1. Looking at Ser138, is it part of a helix (DSSP H, G or I) and either at pLDDT below 90 or assigned by TED's automatic domain parsing to the domain that holds Trp87 (or both)?
2. For the range 65-106, name all the residues that are among the charged types (D, E, K, R) and not in a helix (DSSP H, G or I).
3. In the range 144-177, what count of residues is obtained for those that are β-branched (Val, Ile, Thr), more than 21 Å from Ile101 (Cα to Cα) and outside any loop (DSSP other than H, G, I, E, B)?
Amino acid sequence: MAFSSLSSLTARLAITDEQAMSRDKMQDDPEAFAHLVARWEKPVQRLGLRLTGDAHRGEDVAQETFARLFARRKTYEPSGRFSTFLWRLALNLCYDELRRIKRRGELSLEDEHHDNGDDRFVAQEPAPDSRLVEQERSEAVRRALLELSEPYRVVVVLRHYEGLKFREIGELLDIPEGTVKSRMAEALSQLNRILNPVLADAAGPAKRTNESLIL
């Protein structure tokens with residue numbers, strides 16, 4: 001009996017996102033939907049955090065994303081990758097939140113300590129008092145990211161934090177791949193202008209380049 005239950009669980013974990021969405025649409029399968037939540041909840045939360053600068057807003061974005069996904073499951077049509085469909089839902093909610101933030105004239109970093117600390121723009125070389133240095137760098141990177149205008153910030157987050165390819169980002173944002181690459185180049189240029197003085201103060205006078213700010 002236990003072996004049968006384990007086999008069933010393994011089979012469910014092995015299904016693709018598209019298959020899980022199809023099962024939930026056609027069979028009202030709660031375990032299939034739970035599979036999608038377990039797979040995508042953290043990435044969507046990270047997206048919300050990176051774009052809004054607030055962990056609580058990131059959680060709200062994730063909750064609302066899956067609420068909308070559940071509400072739309074019966075009309076879902078697999079015309080492309082499920083991930084693209086989900087990212088679009090989440091991005092639209094992030095855009096709504098950013099507009100609300102702009103209207104209120106606020107941009108929160110109060111919950112930055114809830115982040116996972118994986119700021120991929122920061123080189124991983126050893127440094128004296130490394131914990132303090134890394135904390136200062138992480139804060140500097142988060143603040144610099146929030147200084148970017150929305151089109152540049154989105155591309156950076158999707159590329160360097162969520163690992164999407166340029167082609168996938170272009171498909172998601174409905175823009176040419178070349179536009180994605182040019183936005184990324186401009187974003188990195190802006191980030192370097194912001195970060196180089198800050199990181200130099202935090203880690204010493206060593207010269208830094210684009211390559212030292214990203215993995």
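The values are calculated or read from the model by the stated rules, or taken from the named source; none is laboratory data. A quick note: this is a predicted structure, and the numbers were derived from the prediction, not measured.
1. Values: part of a helix (DSSP H, G or I): yes; either at pLDDT below 90 or assigned by TED's automatic domain parsing to the domain that holds Trp87 (or both): yes.
Criteria met by Ser138.
2. Arg72, Glu77, Arg81, Glu106
3. Filtering the range 144-177 for residues β-branched (Val, Ile, Thr) gives 154-157, 169, 175.
When the remaining residues are screened for being more than 21 Å from Ile101 (Cα to Cα), the result is 169, 175.
If we keep only those that are outside any loop (DSSP other than H, G, I, E, B) too, we end up with 169.
Looking only at that region, the number is 1.
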